[in-house]
């Protein structure tokens, strides 16, 4: 089945130690998104790619970076994780950026910072 | 800015009970409205959507009607099942925009 796969599902890192989360998709969608979801809070958009065009949300900290080497893969890099970065990170894809478009989500990567 | 407010959970219901999860929104234009569902251990998936006022989205026995006059998009189901236990997210996207603004989610537990 075509889908969005996130790895790892669970990641434990130490304060300040860089971490990379990956997302792959077999849907051939143009757009890939990264959301951060903290406990009992709404998922918050960090950034998205439209093809190779990177779009950062204004309030996304510089500590968060992303790479999209090809259509299928997208990575979230957290350069120096702090305790406040512990969260579920959700990758999603869509065919377009139109307002009514539907997002397909991966199962998420849960990050713990010690 | 645009925002979504959902009723606080958790909501616990007995099987075959009627479900309502309230959702209201604030938007400057004419947003599209969505309900996404997250089953345990899985990603969010679209449950239903509505793109203009008075539209009714429906899927798997769930319904929600886009009410512009009350800025609401309440989720309803006439008879819930144990398999409906999940977290439900209301969301909107502004016309022409790409970002989904989510509510905080409402956890539903259905007991036999």
Open item on the list: Need a quick list: strands (runs of 3 or more DSSP E) entirely within the stretch B:1-82 having at least 3 residues that are out of contact with any helix residue (DSSP H, G or I) (no Cβ under 9 Å at 6 or more places or on another chain).
Closed with: B:3-6, B:11-14, B:23-26, B:32-38, B:44-50, B:56-59, B:62-65
Open item on the list: Filter the stretch A:63-83 down to the residues that are more than 13 Å from the chain's Cα centre (by Cα) and without any contact (Cβ under 8 Å) to a residue 12 or more places away in the chain and list them by number.
Closed with: A:69, A:70
- [ ] Of the numbered conditions (1) within 11 Å of another protein chain (Cβ to nearest Cβ); (2) buried (at least 20 other Cβ atoms within 10 Å of the Cβ); (3) touching a helix residue (DSSP H, G or I) at 6+ places or on another chain (Cβ under 9 Å), residue A:111 fails exactly one; give the number of that condition.
- [x] (1)
- [ ] Pick out the one residue from A:89, A:50 that is under 27 Å from residue B:31 (Cα atoms) and surrounded by fewer than 20 Cβ atoms within 10 Å (Cβ to Cβ).
- [x] A:50
Open item on the list: Tell me yes or no: at least one residue of the stretch A:3-22 is modelled with pLDDT of 95 or more and on the phi > 0 side of the Ramachandran plot.
Closed with: yes
Task: Test: residue B:99 is in contact with a strand residue (DSSP E or B) (Cβ under 7 Å, 6 or more places away or on another chain), closer than 24 Å to residue A:58 by Cα and buried (at least 17 other Cβ atoms within 10 Å of the Cβ) - done: yes
Task: Flag for residue A:108 being in contact (Cβ under 8 Å) with a residue 60 or more places away in the chain and farther than 22 Å from residue B:48 by Cβ - done: no
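Residues are listed down the side, and each one gets a yes or a no for (1) over 26 Å from residue A:89 (Cα atoms); (2) away from chain A (no Cβ under 14 Å):
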position: B:8; (1), (2): no, no
position: B:13; (1), (2): yes, yes
position: B:43; (1), (2): no, no
position: B:47; (1), (2): no, no
position: B:66; (1), (2): yes, no
position: B:99; (1), (2): no, no
position: B:103; (1), (2): no, no
position: B:109; (1), (2): no, yes
Open item on the list: If I ask for residues that are touching a helix residue (DSSP H, G or I) at 6+ places or on another chain (Cβ under 9 Å) and not in a strand (DSSP E or B), which ones from the stretch A:53-102 would you list?
Closed with: A:61, A:63
Task: Meets criteria (exposed (fewer than 13 other Cβ atoms within 10 Å of the Cβ) and within 30 Å of residue A:8 (Cα to Cα)) for residue B:112 - done: no
Task: Test: residue A:81 is more than 14 Å from chain B (Cβ to nearest Cβ) and touching a strand residue (DSSP E or B) at 6+ places or on another chain (Cβ under 7 Å) - done: yes
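The values are calculated or read from the model by the stated rules, or taken from the named source; none is laboratory data. As the structure is a prediction and not an experimental result, all values here were calculated from the model. FYI the Cβ positions are ideal-geometry reconstructions off the backbone, even for glycines, and counts take in every protein chain you see.
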